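What follows is a short report on a single structure.
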Amino acid sequence: MLGNRHINLIIIILMIVTIIFTSIFILSPQSLGITPSSTTEVEYASRLFKKDEIAEISIKMKQEDWDWIIENALDEEYRSADITINGETFYNVGIRPKGNSSLRTVAQDDTTDRFSFKIKFDKYVKGQNYYGLDKLVINNMITDATYMKEYLAYDLFEKMDIVTPLNSFANININDEPWGLYLAVEATEENFLSRNFGEDYGNLYKAEDTGSSLKWVDENHSSYQGIKDNAQIKITDKDFDKVVEMIKNLNNGTDLEKSLDVDEILRYFAVNTLLVNLDSYVGNFNHNYLLYEKDGVFSVLPWDLNMAFGGFQVRNGQQAVDFSINTPYSGNGENYPLISKLLEVPEYKEIYNKYLEEAVKLYFNSGLFKTTVSNLDNLINEYVKNDATAFYTYEQYTASLPVLKEFGKLRAKSVIAQLAGETTAGTVDLDLNALGSMGGGAGGMAGPNGAGDGNNRDRPNNMGQPGNMPNDMGNENRPNNRNQDNMNMGNPPNVGDQENINRDNPYNNMQGGFMQDNINPENMEEIMAIMQTADGEELTDSQINKLKELGLDDTAIEFMKNMPPNMNLENFQNGPGRGEGFPGGDMGGGRNRSNTRNLIPSLIVAGVCTLIMILAILFVYKFKRRKYLRGLAK
């Protein structure tokens with residue numbers, strides 16, 4: 001039996017142990033195998049990003065500010081506007097055009113001003129936000145006759161437990177004029193990170209330009225400047241040392257699981273491959289992906305998916321449907337170490353194949369894909385029909401949906417066939433151009449395959465052709481500099497301080513979006529391959545002749561022949577553009593597999609703490625009761 005002199009000591013020890021466990025559980029859950037849950041509820045999710053409703057967003061700004069934005073879109077500078085979302089107005093909000101090749105495409109087309117926009121609520125009013133959201137993006141649906149490709153792609157990523165930004169359709173008005181159906185998306189900065197990964201959320205990079213291929217160069221940060229410059233939050237050099245270390249380990253094939261969330265990355269690439277999304281890490285430009293790091297471990301998140309479903313670097317329906325699952329990248333695997341190094345490991349290749357099969361069964365073979373397309377059509381059909389600034393006609397939209405459904409069916413069939421060791425699921429007769437193509441369908445950009453007439457010309461208030469809009473919103477009274485040859489389009493990297501590079505400069509024409517009119521986007525991959533073969537040396541006659549066959553003129557070829565030695569292929573492919581864009585996701589707070597994985601250890605620790613506390617209370621109660629009874633007996 002315990003004596004009085006022991007009971008107090010036992011109680012003290014139990015209480016100390018309880019306090020220690022509880023403190024660790026609250027202050028440092030990672031040490032117990034618990035990571036922050038990604039189920040943070042945010043009010044802006046339920047107010048704006050509703051999957052079964054179309055948000056109404058109205059933008060009002062001074063006419064001179066609107067004119068300035070349109071004429072200087074490539075500067076991507078903010079101007080003040082009042083933004084009304086579903087009837088609630090926020091004043092003095094920052095707004096600017098955004099994008100990369102899509103931005104330049106619209107800026108160079110005098111028949112459309114349908115830019116994508118970035119909205120920053122606290123640009124001019126400190127602390128202002130939309131129910132917790134600091135920044136919002138609205139994407140213009142360029143290259144997408146279906147209006148659905150980006151939405152559907154994010155939907156599949158989300159259902160495969162990949163963290164994605166929130167998204168929903170939005171009907172846009174600008175200065176009381178209808179502007180069309182856009183996709184509203186959550187910006188991938190602090191709000192996105194805290195919603196998905198908790199307050200201690202780590203670091204996020206939007207990989208673009210130099211170093212985005214993740215090929216090892218050296219330990220200098222400048223060798224991966226395109227990643228460092230595109231950090232989505234403030235970082236230190238010490239933070240970026242982790243990126244360099246990861247790249248080194250990746251290329252050496254060492255400590256992969258120490259540096260990478262291998263399972264998550266394989267899931268990401270399985271979905272990306274299934275969607276034939278080459279305007280991403282696996283394409284010529286190694287961009288449009290997010291690199292997320294926490295405690296030195298990296299994962300990959302999707303970004304800018306409007307070219308999914310074979311919309312980029314794919315020549316025809318057959319090539320898109322049978323896109324390889326074993327070498328799911330453009331060209332040599334050495335240029336894509338993040339996927340090629342992982343697939344070299346048999347165990348990882350098996351996991352990747354498992355996720356491919358899982359995604360096919362979950363989304364396509366289950367009928368969910370077709371059902372989702374039909375439901376979305378019911379939601380947006382009337383908005384598309386009345387879209388005031390559409391890149392495609394309503395007839396092109398309705399014709400695209402059967403093709404989209406058929407593509408999903410055939411792609412799923414091909415992936416299953418490839419998993420069984422076949423190379424194709426059979427002959428494909430599919431007009432992939434019906435889904436949309438680079439260059440959209442607006443005015444001078446033409447419709448799919450260059451054949452469509454582009455815009456719905458029956459715009460309200462004569463908005464079909466800029467120039468007759470009320471309040472001088474057209475180009476009739478704008479400063480007439482839109483077509484000037486000396487319009488600065490941005491300098492090639494490492495070429496010097498040329499201030500007035502004109503549109504005829506082949507670098508600007510070719511740069512980042514197949515801007516030269518006589519270059520077929522389908523030929524760009526081959527052009528890049530010839531450049532890579534030359535590797536800085538003077539082009540041979542046969543190479544020059546081949547480049548001419550592919551659509552380059554003498555000026556463009558001469559430019560390539562005289563490219564400075566330090567202007568590498570990666571810089572030329574990606575160019576100086578910053579590249580922007582944001583997509584969609586889960587409504588409440590992001591789906592992350594860590595939720596279910598973290599639940600069990602959390603419950604165990606909480607249970608242990610509770611049990612110890614109960615035992616301590618029982619000891620105290622029993623001891624006090626025994627002492628009390630003894631007192632009565634006396």
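The values are calculated or read from the model by the stated rules, or taken from the named source; none is laboratory data. None of the values given here were measured: they were computed from a predicted structure. Virtual Cβ from ideal backbone geometry, glycine too; neighbours counted across all protein chains shown.
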task: Return yes when I380 is among the β-branched types (V, I, T) and in a helix (DSSP H, G or I) and no when it is not.
output: yes
message: If I go through the range 252-281 residue by residue, how many of them are of a type outside the set (D, E, K, R), out of contact with any Leu (no Cβ under 9 Å at 6 or more places or on another chain) and assigned to a loop (DSSP other than H, G, I, E, B)?
response: 4
message: Taking the condition of being aromatic (F, W, Y) and surrounded by fewer than 24 Cβ atoms within 10 Å (Cβ to Cβ), how many residues in the range 130-150 meet it?
response: 2
Lone qualifier among R114, R96, R104, R5 - being surrounded by 19 or more Cβ atoms within 10 Å (Cβ to Cβ) and modelled with pLDDT under 95: R104
- line: From the option list V297, V271, V321, single residue qualifying as touching a residue at least 12 places away in the same chain (Cβ under 8 Å), over 18 Å from the mean Cα position of the chain (by Cα) and crowded, with 22+ Cβ neighbours inside 10 Å is V321
task: Looking only at the range 153-173, count how many residues are among the aliphatic types (A, V, I, L, M) and surrounded by fewer than 23 Cβ atoms within 10 Å (Cβ to Cβ).
output: 1
